[in-house]
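Student: One structure is given below, represented as structure tokens, and several questions about it will come after.
The values are calculated or read from the model by the stated rules, or taken from the named source; none is laboratory data. Treat the numbers as computed from the prediction; the structure is a model and nothing was measured. Here Cβ is always computed from backbone atoms with ideal geometry, including for glycine, and neighbour counts include all displayed protein chains. Each accessible area value is taken on the protein alone, full model and side chains, heavy atoms only, with ligands, DNA and RNA left out. Shrake-Rupley method; radii C 1.70, N 1.55, O 1.52, S 1.80 Å.
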Amino acid sequence: MDHPGIANSQIENKLVIESFNNFFILIIADFFATLLFTLLIWNSVSNHSILAIWVLVMIIFNHVLRGMFLFYYFQRRKRNGLLNLNFWKKYFIINNIQSGILWALGGLLFLYIDDPLHRMLIFVFLTGLLGAPASKLITYQSAYIGFMIPIFLVLLFLSVSISTSLSMILFLSAILFILVMIFSTVNTNQLLVKTIYLELYNSNLILDLKRSEESFRNTIENAPIGMAIISPE
């Protein structure tokens, strides 16, 4: 997408800032979602050790390390700005792909659950989880798609394991849901980039007008000879 008059680095800088702005809310919400998911399936899981290991891995990688990187990000930004936008962009994308994989592994715990009702509960939980971070991950569509794909694959696998009568309905519902989410986030991402571009363009235009007006004023006020603006008439 072309952005006349605006450098791509300016737009990337805005997108990175928007990506990490209030990102701690996502981390906190993810932590409570992990606890809720654990409570929902604890009594029905046949192997509690596997579940405990998953919770521990989630806390270390999805919450503690995420929080540390976020703290480091704000420290760098506060001291001397972001020196490497490409690093923080890639980190944001990879980090959310990692999050999607970890949640997909949590969804695979249904293999240790025999009760169809609890499997259905996991299906509903993961479906809601797919839409929860959409508003925060639309800055980079690849981050959101990377988060969705592992969970989506588990949903498809899970849908055919619940009940023969419901398998096809759940399978098609999962596909329809993911297509709707991708379509809506693509449009929202394009709108966000366009909004950032217009904001930067207007800001630069106003700055140029101020500089022109200041230069003109200095020319008139500090001229060594008399000057006037007149017309040929």
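Student: Which one of these is at negative phi, open to solvent by less than 80 Å² (accessible area, probe 1.4 Å) and touching a Gly at 6+ places or on another chain (Cβ under 9 Å): 123, 110?
Tutor: 123
Student: Would you be able to tell me the number of residues in region 17-34 that are over 17 Å from residue 72 (Cβ atoms) and open to solvent by less than 60 Å² (accessible area, probe 1.4 Å)?
Tutor: Count: 4.
Student: Next question, about the same structure. If I go through region 134-153 residue by residue, how many of them are of a type in the set (Val, Ile, Thr), in a helix (DSSP H, G or I) and open to solvent by 10 Å² or more (accessible area, probe 1.4 Å)?
Tutor: 2
Student: Could you check region 154-203 and list, in sequence order, the residues that are open to solvent by 50 Å² or more (accessible area, probe 1.4 Å), small (Gly, Ala, Ser) and closer than 17 Å to residue 121 by Cα?
Tutor: Once the filter is applied, which keeps residues that are open to solvent by 50 Å² or more (accessible area, probe 1.4 Å), small (Gly, Ala, Ser) and closer than 17 Å to residue 121 by Cα, region 154-203 yields 165, 173.
Student: Which of (1) surrounded by fewer than 16 Cβ atoms within 10 Å (Cβ to Cβ); (2) of a type outside the set (Ser, Thr, Tyr); (3) in a helix (DSSP H, G or I) is the odd one out, the single condition residue 88 does not satisfy?
Tutor: Status for residue 88: all satisfied but (1).
Student: Related question: Please work out if residue 192 is without any contact (Cβ under 8 Å) to a residue 60 or more places away in the chain, among the hydrophobic types (A, V, I, L, M, F, W, C), within 22 Å of residue 145 (Cα to Cα) and out of contact with any Gly (no Cβ under 9 Å at 6 or more places or on another chain).
Tutor: no
Student: Still on this structure, I have one more. Within region 113-126, track down each residue that is without any contact (Cβ under 8 Å) to a residue 12 or more places away in the chain and either within 20 Å of residue 98 (Cα to Cα) or more than 22 Å from the chain's Cα centre (by Cα) (or both).
Tutor: Result: 117, single match.
Student: Out of curiosity, is residue 37 in a helix (DSSP H, G or I) and free of Cβ contacts under 8 Å to residues at least 60 places away in the same chain?
Tutor: The answer is no for residue 37.
Student: Run down 129, 200 and say which single residue is part of a helix (DSSP H, G or I) and within 22 Å of residue 98 (Cβ to Cβ).
Tutor: On inspection, the qualifying residue turns out to be 129.
Student: Here's something else I'd like to know. Being in contact with a Pro (Cβ under 8 Å, 6 or more places away or on another chain) and in contact (Cβ under 8 Å) with a residue 24 or more places away in the chain is true for just one of 149, 162, 138, 145. Which residue is that?
Tutor: 162
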